[in-house]
Each structure stands twice: as C-alpha cells, then as structure tokens.
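J.: Have a look at this one before I ask anything.
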C-alpha cells in the first residue's frame, strides 16, 4: 500500500516549479557570466582613465599593449553578450539559421585573424594546415564565424604561453571537419558531453574544473546543429584538446 508520503515524494513537479528551477539556474548562470565580464571591462576602464587624465602615450610599449588589450577585451565582452542573446532567443526552436553553400576556408581564415591579437598577447602561434583547397559546405556564414571565434578563443585560454594552436581542415566523403587543437592540458576527466550542456560550465566551475567560457560551447552546439552539423571534443593523442566542427558538403556545389 502506498503511503501519502510516498505519493507526495513521487508527485511530478508542476510546470511552474520546473520553470522556476530553470529561471533560478538561468539567473545563477548570468551572474557567473557577468563576473566573467569584470576582467575585460577593467582593461577598458583603465584605458579610459588614461585618456581622461591625458596620460596615454602610444610611444610607450605598455600603453600600446593596453590599447590592444582593450580592443580584445571589448570583442570578448561582445562575444559573451551575443551568446547570452542568441541562447535566450533560441528557446525550444533553436538558433535561427540560414545555411547556404559557402567555401569554408575564407571563413576559417577570417576567424583566425579575429583572434590573432589575443593569441599574440599570450605569445601563442596559430597554424593552419590540412586541405586548403576550396571546400563548399552548407552553413550560415555568421553562425560559423561565431562558432569558430568561440572555439579559437577557448583554445587560446587553455594554451600556455609560447604554445601553439593548430587549425586543420579535413575533407571526408560527404562532410568537412574543422579541427582546432590547442597545446594545453587537455580535457582530463571532463566529460565532453557536459562541456556542451546549457549549464555545463556552471557545473564544471562548481567542481573546480573550469573549461570554456559562459554559454560559448552550448551556443556552438546549437549553431552546429542548426547548420545540420555536429561539434565534438576530445583529448588529442599528442597532447592538448581538439574541438572539431563537422559540416555537411553542399550537394553539387550548391
């Protein structure tokens, strides 16, 4: 015979309760993201302070570095805000996506240029290898740029000074892979599937195993799915971690 206590314990949570739990998680996560923005905002505030006090002197290497760091900080802050907005808008319908036939190489090259400043700041070399001929895939240009930016910045964060990031393009029968390999400590005991969960970074941070930034990897997963592709993460046999974006080839080049 089932007791009243058992009935209460096994009673499904109401929609309101589930929504409240989701809202609480979202607020907690946004607070973490805002904390992540403190460091880049501090760089920009210091630059503005120098400008306000008329002390900025671009002849000084340190001041030139502050300006460069502020540009990078602004891009990173924009990236965090964009990810929040994209995921918030996605809801149950997914991220809006308009896949068209495009050559993947120019998009990859542009993404590398955008993160080059951050890599140089940490004395990290970036190398592009693999099949560098024309590779026509079905993808949304804007989303693919955002995915690569997130993955490259993530690689920079986890690559030690004087390390190397290798970006390679691998053609398969009906798909193209973009691999981004860092020379950091690798994933270790981090479950790759947790990395791409909505609140995966919150969980890892709670456990003291921070890997990635904010909603970036979750956004990458949604964007890749929207383009009919997938995203994978694993330890590389030679050390470091490798994140791979798989995209479908455009049939007949269009």
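FYI, it's all coordinate maths here, none of it is from the lab. All values reported here derive from a predicted model rather than from experimental measurement. Positions of Cβ are backbone-derived with ideal geometry, glycine not excepted, and every protein chain shown enters the neighbour counts.
J.: What is the distance, in nm, between label points placed 7 Å from the Cα along the Cα-to-Cβ direction at residue 141 and at residue 56?
T.: So the two model labels end up 3.1 nm from each other.
J.: Is the stretch 46-161 rounded, prolate or oblate when judged by the Cα gyration tensor, a ≥ b ≥ c being the square roots of its eigenvalues, rounded requiring a/c under 1.5 and prolate requiring a/b larger than b/c?
T.: oblate
J.: Using a ≥ b ≥ c from the Cα gyration tensor of the stretch 108-148 (square roots of the eigenvalues), is it rounded, prolate or oblate, where a/c under 1.5 gives rounded and otherwise the larger of a/b and b/c decides, a/b for prolate?
T.: In terms of gyration-tensor shape, oblate.
J.: Could I ask something else about it? Using a 7 Å offset from the Cα along the Cα-to-Cβ direction at both residue 98 and residue 193, what is the distance between the two label points in nm, to one decimal?
T.: Here the modelled spin labels are 3.6 nm apart.
J.: Additional query: Take peptides 126-134, 172-180 and line them up by average Cβ neighbours within 10 Å, highest first, as a rough protection proxy.
T.: 172-180, 126-134
J.: Counting other beta carbons within 10 Å of each residue's own, what order do 157, 146 fall into, fewest first?
T.: Going from least to most buried by this count: 157, 146.
J.: Given the peptides 138-145, 45-52, arrange them by the average over their residues of other C-beta atoms within 10 Å, most packed first.
T.: So the order, starting with the most tightly packed, is 138-145, 45-52.
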